[in-house]
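Okay, structure first, notes after.
Nothing in this text is a laboratory measurement; each read-out follows from the coordinates by a stated rule. Predicted, not measured: the structure shown is a model, and the values here were computed from it. For neighbour counting, all protein chains shown are included, and Cβ atoms are generated from backbone atoms with ideal geometry for every residue, glycine included.
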Amino acid sequence: MPLSIRVVNFDTGNPTQMTSGSLAVRNQRLVTSSPIVIGVSDEIINVNISSGSSSCALPSASSRGGLPLTFKDVGGNFAAHSLTVTPAGADTIDGQPSLTLSGNFQSINLVPANDGTTAGWFSQ
């Protein structure tokens with residue numbers, strides 16, 4: 001059976017996930033209000049916001065240690081109540097200053113650049 005271990009660097013607070021095998025369990029959290037604040041252990045954000053538009057300010061990509069973030073519209077509300085995701089500082093998402101999710105049940109996986117040279121986030 002695969003083993004997934006989460007290690008947090010206590011000096012920086014940055015999480016790192018190490019996995020043995022092919023299955024890793026990712027942390028999930030349901031959010032029902034905006035703005036969405038990303039915690040150091042967040043990996044999957046299940047969004048169910050049914051009033052107004054919502055927003056999320058990403059942490060710097062370099063602070064994530066390569067750990068991706070997934071946003072999922074679990075309530076089917078993005079068409080009426082979109083989510084705008086904005087990266088920190090000079091970071092971008094696929095070269096753009098922000099990303100808006102506006103399709104019901106839409107999801108996106110954002111991967112922080114972790115190659116030592118590239119900055120920002122990539123969508124999958």
Burial order of peptide ranges 34-43, 111-120, 65-74 (average beta-carbon count within 10 Å, highest first): 65-74, 34-43, 111-120
Antiparallel %, DSSP beta bridges [both residues in the stretch 26-123], to 5: 40
Length-normalised contact order for the stretch 26-123 - Cα pairs under 8 Å, 6+ apart - percent: 26
Radius of gyration and Dmax over the Cα atoms of the stretch 26-123, both given in Å: 12.7, 40
